[in-house]
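Structure record follows, encoded as structure tokens.
The values are calculated or read from the model by the stated rules, or taken from the named source; none is laboratory data. Quantities reported herein were computed from a predicted structural model and do not represent experimental measurements. No Cβ is skipped: glycine too gets one built from the backbone with ideal geometry, and neighbour counts run over all protein chains shown. For the accessible areas, the whole protein counts, side chains as well, though only heavy atoms, and no ligand, DNA or RNA atoms are used. Shrake-Rupley method; radii C 1.70, N 1.55, O 1.52, S 1.80 Å.
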Amino acid sequence: MKKRNENLETAYCKFWFAYCFSILGRLVHGMALSWVVWRLTASPLWLSAIALLSAIPSLPLAPIAGQVADRFHRYQILLITQTLGCGVAAITAYLSYHEQLSPWVLATLALLFGIISSVDGPAMNSMLVETGKNVMRAVAQQSLAMNVSRVIAPMIAVFIIEVASPTWCFVLNTGCFIPMILFMAFIKIPNRASDKERVESVSMSFWELFHRYKILKEVLPQVACLSVFIMPAVSLLPAISIEDSALLSFGSMSSGLGFGAVASAILMQKEKLFFTRLTTLLASSWVCCIAFAVLPTLNTLISQWLCASIAGASLTLALASANNAIQNQAPNMYRGRFSAMYLAVLLGLVPVGQLILGISAEILSPQLAVRGCAIFALVLLVICAYFSNWNQSDTNPNAKENDT
């Protein structure tokens, strides 16, 4: 028994190592893709279209992807999706090397990546939770890996593009899929749910789960507010920069967001009990909205950096708290669909917010659009808090039962 546990621990470590490579490659790929689209079109509309095509499949495919993640062993799903993702990345690299990329080709490849990621996401998120020592630690580790990668990936992408070309960013992403593919092929981690539970799980529909579990009805609207009105504001950072030093201002806010996110993720590693409380989701969401409302009004680099750091830290803490709350109360047999709902709301609604923010910025101004959306999100979050009656203690008194 002891040897089996040691083997599982080793397998889990290898899985997390492969995950870090996979997410880093995807982020570098995304940076290079945006750069190529901009160089080919010089059109913000095309940039928005590529982002939309990458994210929009997660909404219609969420019920199917979640059910597949619950019905079948996740290592089987991830072996297929990671292999397909590697293939799309390799095709992108090949076409880029031979200078055969066009906006329509890039749009098609982005849509393919979006479809693959929509199926991959719930299975990956569920396995990340189930391979942690407990839900809290798994969510904290996932947040840390994601945010450190978000800080490192732009530097790697810029360096490769400057020294070589975007083609090698796509090659790097192709290589970053390989550790996960090999892991899923040779080290097969089964679902925690039994075979009988996996068969029975398909009888529960998406909407039945949503209405049955109160945590979904209370947490997902909070995440939706952040996805629609807060997260898209990052794309307008260049437009709300200080006019006299636009580049420095943009860099200051971007680095502040990254620093705050990483600092928050590190804090969660040390103070896990803090972010397991649902009041943390409320408080950090409010702070995030206030920070984004204040950010466009600041006119010094230091104040912008500090405000952006607070915004990045509070947004990371809010999303991690939401994910932790949902995963703590997710039965193992339904974990794939819980993950699918969370990811669909988190990622699938961002393009909707980008559209709202873009139209608002055209009609008013980027500064007023960011401030207005942040204030509106704050009002909605307060309303959500008023109508909820969460327990002020931990997210799930039976969390230990789910972790065993």
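Structure summary
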item	result
Given (1) assigned to a helix (DSSP H, G or I); (2) more than 24 Å from the chain's Cα centre (by Cα), number of the condition S235 does not satisfy	(2)
Region 155-164: number of residues that are in contact (Cβ under 8 Å) with a residue 60 or more places away in the chain and surrounded by fewer than 17 Cβ atoms within 10 Å (Cβ to Cβ)	1
Residues that are assigned to a loop (DSSP other than H, G, I, E, B) and among the charged types (D, E, K, R), drawn from region 185-227	K188, R192
Test result for L355, surrounded by fewer than 18 Cβ atoms within 10 Å (Cβ to Cβ), under 20 Å from the mean Cα position of the chain (by Cα) and at pLDDT below 85	yes
Of all residues making up region 157-184, the number that are of a type outside the set (G, A, S) and in a loop (DSSP other than H, G, I, E, B)	0
Matching residues in region 360-377 - criterion: being modelled with pLDDT under 90 and farther than 18 Å from P238 by Cβ	I363
Qualifying position, being in a helix (DSSP H, G or I), closer than 16 Å to A374 by Cα, open to solvent by 10 Å² or more (accessible area, probe 1.4 Å) and at pLDDT 85 or above, among L282, L295, L343	L282
Flag if L380 is at pLDDT 80 or above and open to solvent by 30 Å² or more (accessible area, probe 1.4 Å)	yes
Some residue of region 300-322 being surrounded by fewer than 24 Cβ atoms within 10 Å (Cβ to Cβ), modelled with pLDDT of 85 or more, assigned to a loop (DSSP other than H, G, I, E, B) and aliphatic (A, V, I, L, M)	no
Elements of type helices (runs of 4 or more DSSP H) in region 44-102, at least 3 residues being at pLDDT below 85	44-55, 58-71
Q141 vs. criteria open to solvent by 30 Å² or more (accessible area, probe 1.4 Å) and of a type in the set (S, T, N, Q)	yes
Residues located in region 64-117, provided they are open to solvent by 70 Å² or more (accessible area, probe 1.4 Å), among the aromatic types (F, W, Y) and in contact with a helix residue (DSSP H, G or I) (Cβ under 7 Å, 6 or more places away or on another chain)	Y97
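Residue by residue, here is whether (1) within 19 Å of the chain's Cα centre (by Cα); (2) at pLDDT below 85; (3) open to solvent by 70 Å² or more (accessible area, probe 1.4 Å); (4) of a type in the set (S, T, N, Q) holds:
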| residue | (1), (2), (3), (4) |
| --- | --- |
| M253 | no, yes, no, no |
| S264 | yes, yes, no, yes |
| E271 | no, yes, yes, no |
| F275 | yes, yes, no, no |
| C289 | yes, no, no, no |
